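So the structure is just underneath, and the comments pick up after that.
The values are calculated or read from the model by the stated rules, or taken from the named source; none is laboratory data. Quick caveat: nothing in here was measured; it's all calculated off a predicted structure. Every residue, glycine as well, gets a Cβ built from its backbone with ideal geometry; the counts of neighbours run over all protein chains shown.
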Amino acid sequence: MRRAVVLAAAATFALVLAREAGAHAVVSPPVAKANALQQFTLSVPTEEEGATTEIELTVPSGFAIDSFEPSPGWRRSEQASGSGEEKMIQKVTWTGGKIPTDEDAVFRFNGSANSSKTFTFNVRQTYSDGKVVDWRGPESSDTPAPLVDGVSSLGGGSTSTLSIVALIVAGVAVLLGIAGLVTRGRPLA
């Protein structure tokens, strides 16, 4: 029984590590309530030698950025259509910073998703030596595009693979707990 519990715990830990093993550009939180203003964070890892000196974020259609948190050491420029309350930001570029290898460039903004669907953000990262990394590939690639799932309510909406795996692992843990109570530490076989 003890062995089964240790194996279940190890499997759970391995799943968590596997999810985080590859550093990727991410927009978090990965799930947003549709039509609700909330704060988002863009995090882009500096994986190459040198420094990240420019980040460009292309905003998907149907996702609105309302305002930005200041990013010390960085200059921000925006491409937008409309003005005032009708202003729609399509692209944001941060320049002038220097994020060294193994650290992340982090930017925060308030925004909202206008519907229940998956929003794909394209991120272009430029290094001090001129190398460019385009974070716009599929989830299975080395450079996946950041995704945010818009949902009608935070209690429902789309289900990710990680959520399904978490439910399965939780179910196995419950079964192992019940088996432990029933056998009260006696071997099962």
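Looking only at residues in segment 112-155 that are acidic (D, E) and in contact with a Ser or Thr (Cβ under 8 Å, 6 or more places away or on another chain), which one is farthest from F63 (Cα to Cα)?
That would be D134.
May I ask you to say which residue of E20, E69, E48, E85 is at pLDDT below 95, acidic (D, E) and more than 23 Å from P138 (Cα to Cα)?
Matching residue, one of E20, E69, E48, E85: E85.
Yes or no: S81 hydroxyl-bearing (S, T, Y) and loosely packed, with under 13 Cβ neighbours inside 10 Å?
yes
Within segment 113-128, which residues are surrounded by fewer than 16 Cβ atoms within 10 Å (Cβ to Cβ) and under 13 Å from the mean Cα position of the chain (by Cα)?
T118
So which residues in segment 60-112 are in a loop (DSSP other than H, G, I, E, B), hydroxyl-bearing (S, T, Y) and under 22 Å from the mean Cα position of the chain (by Cα)?
S61, S71, T101 - these are the residues of segment 60-112 that are in a loop (DSSP other than H, G, I, E, B), hydroxyl-bearing (S, T, Y) and under 22 Å from the mean Cα position of the chain (by Cα).
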